[in-house]
1. Tabulate in residue order the Karplus-calculated ³J(HN,Hα) for the range 60-77, using 6.51 cos²θ - 1.76 cosθ + 1.60 with θ = phi - 60°, rounded to whole Hz; enter x for Gly and Pro.
2. For ALA88, what is the net charge nearby, where nearby means another residue's Cβ is under 14 Å from its Cβ and Lys, Arg count +1, Asp, Glu -1?
3. What does the net charge come to around VAL75 if you take all other residues with beta carbon closer than 11 Å to its beta carbon, with K and R at +1 and D and E at -1?
4. In the neighborhood of TRP101, defined by Cβ-to-Cβ distances under 11 Å, what is the net charge if each Lys or Arg adds +1 and each Asp or Glu adds -1?
5. If you average 1/r over every pair of different alpha-carbon atoms in the range 1-97 and take one over that average, what Kirkwood value in Å do you get?
6. So how much accessible area does LEU13 have, in Å² to the nearest 10, using a 1.4 Å probe?
7. Determine the order of ARG70, ARG5, ARG11 by accessible area, beginning with the largest, at a probe radius of 1.4 Å.
Amino acid sequence: MIRERAESGVRVLILLVVGTMAGAAAFTHVHDLTVAHGQPDWIGWANAVAVELMAIYLGLEIRARRRTGRPVGLVGVLLIAFALLSLAAQVAEAEPSVWGWIVAAVPSLAFLALVKVVLSSAPTTAPAPEPDQPQGDWYDEPQPVELAPPTPVMPPASVAVLPPIKAIQPNRPQVVGIIR
């Protein structure tokens with residue numbers, strides 16, 4: 001028990017350290033890229049917050065939707081889009097070489113991997129306790145209901161039945177034209 005708690009604590013500590021460092025790098029790259037392309041400083045930070053926190057929020061939303069059996073398609077596409085935006089900002093700020101791009105992408109990829117591992121791990125739940133009573137006593141058995149046969153509905157004897165109404169054609173006078 002103590003060993004499991006220590007291991008869990010170490011995992012949380014690693015997640016926090018990697019998350020903090022990767023988040024700082026990602027926030028800074030998105031901010032710097034935004035400012036380098038003509039936006040004010042505060043918009044740079046707003047973009048960084050929007051891009052990075054949306055990726056985390058969408059990951060949490062996917063987990064909540066899976067728990068309740070709702071579809072995750074659109075949320076998954078949005079998560080990929082925001083993760084790619086973050087990654088693109090980091091690569092765009094890097095030295096224009098393969099190694100520069102790889103090194104710049106490491107914090108974002110590491111953080112995304114940790115988020116994926118944390119969000120995909122199923123929470124452990126204790127099995128439901130067995131009831132003390134047999135299953136037959138869990139609910140009342142439905143009782144059969146006897147229905148009386150329907151009685152035909154007859155019109156009262158005092159109602160007179162009228163013959164159908166015939167369509168009456170009005171007499172139309174025939175107009176005879178004079179042809180000259």
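1. My calculation for the range 60-77 gives 5, 5, 4, 4, 5, 5, 5, 4, 9, x, 8, x, 10, x, 5, 5, x, 5 Hz in order.
2. Numbers: positive: none; negative: ASP32, GLU52, GLU93.
Once all neighbours under 14 Å are counted, the net charge is -3.
3. Values: positive: ARG63, ARG65, ARG66, ARG70; negative: GLU61.
My count for the surroundings of VAL75 gives +3.
4. Working: positive: none; negative: GLU93, GLU95.
Once positives and negatives cancel, what remains is -2.
5. Numbers: mean 1/r = 0.0657 Å⁻¹.
Result for the range 1-97, one decimal place: 15.2 Å.
6. Its heavy atoms expose roughly 110 Å² to the probe.
7. Working: ARG70 115, ARG5 170, ARG11 145 Å².
Largest to smallest exposure gives the sequence ARG5, ARG11, ARG70.
The values are calculated or read from the model by the stated rules, or taken from the named source; none is laboratory data. Computed from a predicted model, the values in this text were never measured in an experiment. Ideal geometry is used to build each Cβ from the backbone, glycine not excepted, and the neighbour counts take in all protein chains shown. The protein model used for the area step is the full one, side chains on, heavy atoms only, and it has no ligands, DNA or RNA in it. Shrake-Rupley method; radii C 1.70, N 1.55, O 1.52, S 1.80 Å.
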